[in-house]
Structure formats: C-alpha cells, structure tokens
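For reference, the structure is listed below as structure tokens.
The values are calculated or read from the model by the stated rules, or taken from the named source; none is laboratory data. Source: prediction; values computed, not measured. Please note: Cβ atoms are built from the backbone with ideal geometry, for glycine as well, and neighbour counts cover all protein chains shown. Protein only, heavy atoms only, side chains kept; ligands, DNA and RNA dropped before computing areas. Shrake-Rupley method; radii C 1.70, N 1.55, O 1.52, S 1.80 Å.
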Amino acid sequence: MRKIMTIALVALMSATAFAQDAKTAMKEIKKAKDYNEAKQLVESSMSVLTDNADKAAAYNKLVELAMKKFNDESIIMTENQLAKQMGKEEKPYDKAGMDEAAYNAVFSAIECNKYDQLPNAKGKVAPKFAAKNAQSTWNARKQLVNAGQDAQNVQDHKSAKKYWQAFIDTDSEPLFADCDRAYQQDFFAQVARIVAIYAYQDKEIDAALKYCDVAMKDPKEKEAAMNLKLEVLGSQLTTREDSVAYLNNVKEIYAQNPENGTLLEKVYNMYSSLGDKAAALKVLDDALAVNPKNFIALADKGIYYMDEENAAEASKYFRMALEVDSKNAVVNYYLAICLRAQAQAFQGADDDKFKAMLGEAVSYFDKTKELDPTQASIPWGYNRYSAYVQLYGENDARTKEAGYDK
C-alpha cells in the first residue's frame, strides 16, 4: 500500500511540476517583446506545454509580435509614399525587416492554427485565434509577392525564391481556406512557374516538378510550365531505365494534352531513341487517325521513312505536311533531299525524268532559302549547291551564285 501511495505521490508531484513549468513558460513567452526572443522561448517550451491551447497561444504571441513589426513598418512605408508625392522628406524604415515579419507572421499563424484546431486539455476543440489570424496574416501574405519581386530586382534569387515559394505553399493552408483570392488570380501561376525555375536551378527536382504542376493549372502559363516540366524531367536521363521513366511521364502528360504537338514529337522521339520503331510509328498513326492534317505527325512520319531510306514514302508525307504548313523551312529542305535521292535512280537511265525530279528538288531547296535565308533553322547551303551542280553544271552562273551559300 505504501509503495502504491509513493508512486501516486511521485506522479502527482511530476504533474504539478509540469503544470508549473507550463505556467512559467507561458508567462515568459507572453512577456517577450522581441520576435526572435519569443521564438526561442516557444521552441524550447514545446516539451512542457502539454495543452494544445497553450501551444496555440504561444504561437499566437509570435503572430502578434511579427504583425506589430510588419504593421509599424507598413505605416512608415505608406507615409513615405505620401511624403514623396508631396515633395517632403521620407522617414527611414526597415524594408527587409517588414518583409521578414510578413513571412514570420504567416508561418506562425499556420503553426498556431495547427494546435488551435486540436482538442484542449478538457478534450474540446475550441479555436480561439483562427478567424483573427486568417484575416490579418492574409494581408501580410500579400507582402511576400512584393518581397520576392524586390529581391529579384536586385538579383537576390535566394530571397526571391524564399518569399515566392512561401506565397505559393501557403495558398493551400486550411487557415486561409475562406480568404478571397481574387487579387492573386492574374499572377499566382506565373509566380509558381518562376519558383519552379529557381528550384530547377538549385537542382531541387521534386520541388521544380511540383511548382510546374501548380503553374500548369492556369491556361496562360500551361504551355510554358509544361515545357519547363519536360526539361526538368529530361535532365535526369543517365540510364535506359531513366529514359523509359521519362517516356512514361511524357506519355502521361500527352494523354492529358493530346492536341499538343510538342508532346507528340517528344513521345515519338523517345520511342525512336529507345529503338522501338513500331511504337514510334503507332504514335504518329494514332495522332493522324484523330486529325489527318496533324502537321507534326505528318512531318515526323516523313522523317521516319527518311531514316528508313524510303525516299518515296518520305516525300509523300512531307508533301502532305506542306499542304498544312507550306512555310516550314525544315520540311521543305527534307522534301528537297528526298526528291534529289529519288532523282538519282533515273540518272543515266532516263535523263528527262532525272532532270525533272532534280529540278523539283531544286525548287524546294530554293524555297528553303527563301524561308530561312541565314540557315538558322537548318544548314541547307551545301546540298542546294550540289543539286545546282548536278542540274546546271559547275560553271553555270546560277550554280556559282548558289556556291556563295555553301
């Protein structure tokens, strides 16, 4: 009996000590005047604050201190804007401190809300701070956009990423579920895409892909974000297994965007690079079954047969592609190459047919030059000159002129 009573007494004393420690900790936290000091107290007191209500109150103190700093500096900033308009002297203020205070206020409010939504020591869920903090820190959250922009303007990409990443990440927090997002609709996805770029530059692949997905939800950013995602995914290819995984990722994106020619071409090229010619050709045939005038599918099918050294079949699809887009320099060039290859079969056997087909090839070489005079898209100069030599002879004035481009 005495042993049981001793154990009970020890337990009671321990509980009393913890309660006393919790009271002392909360008293010290509430007395704090500086955010950093208060943050250290809160973090070191978590083990003794057993009541979720106390934990919520502790983090709410951090919210109050951060918001005070943010509001004090915001007032001076606003006064300075008015003073500048009136030609009066501006007051010094802590712009960096204001940005950091906004950041601290938002994340402290989120942490406060986490405990505020849990049962207190009496087993009841009675949120005390959610409504107030959601309203006040949602306004502070807007400053994260400005803070990121200011950092980017001075090439401080680390800070720009920090503030913009916080802006994107906190959008989905339950604390802000009922807040009005109208103000951010025009730029939210753009910020997400820029954060994806920063993450990619920092080799944070998973983060880069996550923010690409966020940006892709906005039609205005979808294509740019999708291309970035493809670049990120493609940057990790070191083994065949990596290539197969990349192909599967691209196929998944393509299935969601079947009208996207870039994705079609990437799927086709990946199958080709992996040596699966049948699958590569099927991708193109499936696309043409949906849209017989799919330029990418027609052009790639021409390239497929060109690689197979079937110039006649390649020419057929290049012609069909040019019926859809006659101003594509690369396809005009490839058709010229295939027609010249076909002409070789008649050289010496049927000179009239040889010259007729070679003449047609030259016409497409000429069209290529017209569309791509600087050879920026494809180096057509030498092959065009060679075709001129065959058709007109090396000493012809037209051939000599063509020689300037080789």
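Could you compute the longest span of the chain free of GluC sites (Glu not before Pro) located in DSSP loops and having at most 13 other Cβ atoms within 10 Å, not counting the site residues?
91-258
Among all lysine pairs in the stretch 88-190 that are eight or more places apart or on different chains, how many have alpha carbons less than 20 angstrom apart?
13
For the stretch 195-350, please report how many Lys pairs fall under 15 Å Cα to Cα, leaving out neighbours fewer than 8 apart on the same chain.
Going through the stretch 195-350 pair by pair, I get 16.
Between A341, A397, T50, whose Cα lies farthest towards the positive end of the dipole of the chain when Lys and Arg beta carbons carry +1 and Asp and Glu beta carbons carry -1, centred on the Cα centre?
The listed residue farthest towards the positive side: T50.
Of [x] 50; [y] 16; [z] 21, which is the value of percent of Cα pairs over 39 Å apart derived from the coordinates here?
Evaluating percent of Cα pairs over 39 Å apart on these atoms matches [x].
With charges set only on the Cβ (+1 for Lys and Arg, -1 for Asp and Glu), what does the dipole of the stretch 78-197 come to about its Cα centre, in debye to the nearest 20?
The dipole of the stretch 78-197 has a size of about 300 debye.
Express the accessible area of the chain per residue in Å², computed with a 1.4 Å probe while the remaining protein chains stay in the model.
So the chain comes to 56 Å² accessible per residue, rounded to a whole number.
With charges set only on the Cβ (+1 for Lys and Arg, -1 for Asp and Glu), what does the dipole of the stretch 119-263 come to about its Cα centre, in debye to the nearest 20?
660
Restricting to DSSP loop positions (anything but H, G, I, E, B) with no more than 13 other Cβ atoms inside 10 Å of their own Cβ, which trypsin sites (Lys or Arg not before Pro) remain in the stretch 260-293?
Those satisfying the criteria are K293.
If you place +1 on the Cβ of every Lys and Arg, -1 on the Cβ of every Asp and Glu, and leave all else neutral, what size is the dipole of the stretch 255-406 about its Cα centre, to the nearest 20 Debye?
Charge dipole of the stretch 255-406: 160 debye, to the nearest 20.
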